[in-house]
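Heads up, the thing below is written out as structure tokens.
The values are calculated or read from the model by the stated rules, or taken from the named source; none is laboratory data. All of these numbers come straight from a predicted model, not from anything done at the bench. In this analysis, Cβ positions are derived from the backbone assuming ideal geometry, glycine residues included, and neighbour counts consider all displayed protein chains. The protein model used for the area step is the full one, side chains on, heavy atoms only, and it has no ligands, DNA or RNA in it. Shrake-Rupley method; radii C 1.70, N 1.55, O 1.52, S 1.80 Å.
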Amino acid sequence: MSTVTAQETPPGADLDFQAEFDAKVAADQRIEPRDWMPEAYRKTLVRQVSQHAHSEIIGMQPEGDWIASAPSLRRKAILLAKVQDEAGHGLYLYAAAETLGVDRTDLTERLIEGRQKYSSIFNYPSLTFADVGVIGWLVDGAAICNQVPLCRSSFGPYSRAMVRICKEESFHQRQGYELLMRMMEGTEGQRRMVQDAVDRWWWPSLMMFGPPDAESPNTRQSMAWRIKRDTNDDLRQKFVDMSVPQAEKLGVTLPDPALVWNEERGAHDFGEPDWVEFKQVVSGAGPKNAERVERRRAAHEKGAWVREAATAYARKQQSAEEATA
Amino acid sequence: MSNDATGTAARPEWPLYEVFVRGKRGLNHVHVGSLHAPDDTMALHNARNLYTRRNEGVSIWVVPAEHITASSPDEKDPFFAPSGDKVYRHPTFYPIPEDVPHI
């Protein structure tokens, strides 16, 4: 790894490096792992990319719960592929985080010890099969809104991971919407189930964009660094405007009495999410926080023997090779 | 995601591999990302599962990251200077009248 370690900074050279870094960002060039970068930029990225990775991994659980009870082989196969994608997304992002000089094992430990956060959305339960559809439609829809601009994020490995992820998210959203369309063609009970799932997931989906701009202290710096490209409120607005016609077409009502088209703004006005609830869920008091993290821990610990066996096998093969050489 | 990459050492027992995929016949293998694996065979299997779930490739290379020798990250590195001042290596260096066809 000696060829790929980060650059040593000679004393006093910081200012030149800073100017070069600023110029690259201003010119919309990408920062690559071995480039000099301000320590705060690196730290912000480690936090954002690893929390994003954790979200993908924890995000396997609400839908994973339904794999065994999916109503048809077709739905089961789709759901398996989708949950496998989430695992893949987590791995792309852990790999991107590692280019910043952190270790994936450490990140996993930070997650299962509750020292790092993940998206608040995955702390809500998936109560019926309609939730699988609504998660695909709204939760993945919101994720797409968030992630498409991140394909132009200033850190190269992060933006490249986002390009791969966005290509795959489209399948996630469409399978969810199609599932809901099918249910809406069904019985009155099935339609009620869809509406109930929409009622429960709509507000948490809006919270996925984070706190309002006025209360998001990191946004301005992250945008100056072009790690983030849009503010939380702008993305939330975009998501609402995208979702309204989709809800109409589907025949469901979005549970917000304040939701109305504003001709003047050319956008929808909408109500304020419950930010008290948001803070509670983020800080660990959501309906499923403890269970999500506990399951992740159990999976990690129960998988230890597999990792050990693979390591032992690799070592054995290597010594066998050395013996015959 | 990191042959051009990484600060500290990865898990010593599971080395870091860089993954290169040939999208289809006739194209070069292109770097697509990285992963950890206990050995070469597992690295190849993991790369298939991680980077080619949708027919993204017809061939995969995995290379232990520690076997990659990289140039310095500095774009103004004198390493690249030899090509910097040889404008005559480019076709646009040679003015040709516009009415000369097919050149």
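Structure data summary
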| read-out | value |
| --- | --- |
| Selection count, the stretch A:62-96, where residues are open to solvent by 20 Å² or more (accessible area, probe 1.4 Å) and in a helix (DSSP H, G or I) | 12 |
| Every pair of residues 6+ apart whose Cβ atoms lie under 8 Å, when the first sits in the stretch A:224-252 and is free of Cβ contacts under 8 Å to residues at least 60 places away in the same chain and under 21 Å from residue A:183 (Cα atoms) while the second is β-branched (Val, Ile, Thr) and surrounded by fewer than 18 Cβ atoms within 10 Å (Cβ to Cβ) | A:247/A:253 |
| Residue check for residue A:260: at pLDDT below 95 and open to solvent by 30 Å² or more (accessible area, probe 1.4 Å) | no |
| Residues that are out of contact with any helix residue (DSSP H, G or I) (no Cβ under 8 Å at 6 or more places or on another chain) and either at pLDDT 95 or above or more than 9 Å from every other protein chain (Cβ to nearest Cβ) (or both), drawn from the stretch B:1-35 | B:12, B:20, B:22, B:23, B:24, B:25, B:26, B:27, B:28, B:29, B:30, B:31 |
| Unique residue being over 26 Å from residue A:80 (Cα atoms), touching an Asp or Glu at 6+ places or on another chain (Cβ under 7 Å) and touching a residue at least 60 places away in the same chain (Cβ under 8 Å) when the list is A:157, A:212 | A:212 |
| Restricting the stretch A:214-240 to residues that are more than 18 Å from residue A:22 (Cα to Cα) and β-branched (Val, Ile, Thr), the residue that is most open to solvent (accessible area, probe 1.4 Å) | A:231 |
| Single unsatisfied condition, residue B:26 versus (1) at negative phi; (2) free of Cβ contacts under 8 Å to residues at least 12 places away in the same chain | (1) |
| Subset of the stretch A:244-274 (residues that are closer than 19 Å to residue A:121 by Cα and in contact with a Phe, Trp or Tyr (Cβ under 8 Å, 6 or more places away or on another chain)) | A:254, A:255, A:256, A:273, A:274 |
| Test: residue in the stretch B:36-58 that is open to solvent by 70 Å² or more (accessible area, probe 1.4 Å), facing chain A (nearest Cβ under 9 Å) and under 15 Å from the mean Cα position of the chain (by Cα) | no |
| Of all residues making up the stretch A:24-54, the number that are open to solvent by less than 60 Å² (accessible area, probe 1.4 Å) and either in a helix (DSSP H, G or I) or touching a Pro at 6+ places or on another chain (Cβ under 8 Å) (or both) | 18 |
| Check on residue A:320, of a type in the set (Gly, Ala, Ser), loosely packed, with under 15 Cβ neighbours inside 10 Å, in a helix (DSSP H, G or I) and more than 14 Å from chain B (Cβ to nearest Cβ) | no |
| Residue ranges of helices (runs of 4 or more DSSP H) in the stretch A:97-195 with at least 1 members under 24 Å from residue A:238 (Cβ atoms) and open to solvent by less than 20 Å² (accessible area, probe 1.4 Å) | A:129-134, A:140-147, A:156-184 |
| Only one of A:204, A:157 that is in contact with a Ser or Thr (Cβ under 8 Å, 6 or more places away or on another chain), at pLDDT 95 or above and within 30 Å of residue B:33 (Cα to Cα) | A:157 |
| Residue satisfying condition, being at negative phi and touching a His at 6+ places or on another chain (Cβ under 7 Å), within set A:305, A:261 | A:261 |
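Here is a yes/no grid of residues against (1) outside any helix (DSSP H, G or I); (2) of a type in the set (Val, Ile, Thr); (3) over 30 Å from residue A:193 (Cβ atoms):
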residue	(1), (2), (3)
A:214	no, no, yes
A:238	no, no, no
A:248	no, no, no
A:254	yes, no, no
A:272	yes, no, no
A:282	no, yes, no
A:287	yes, no, no
A:295	no, no, no
A:307	no, no, yes
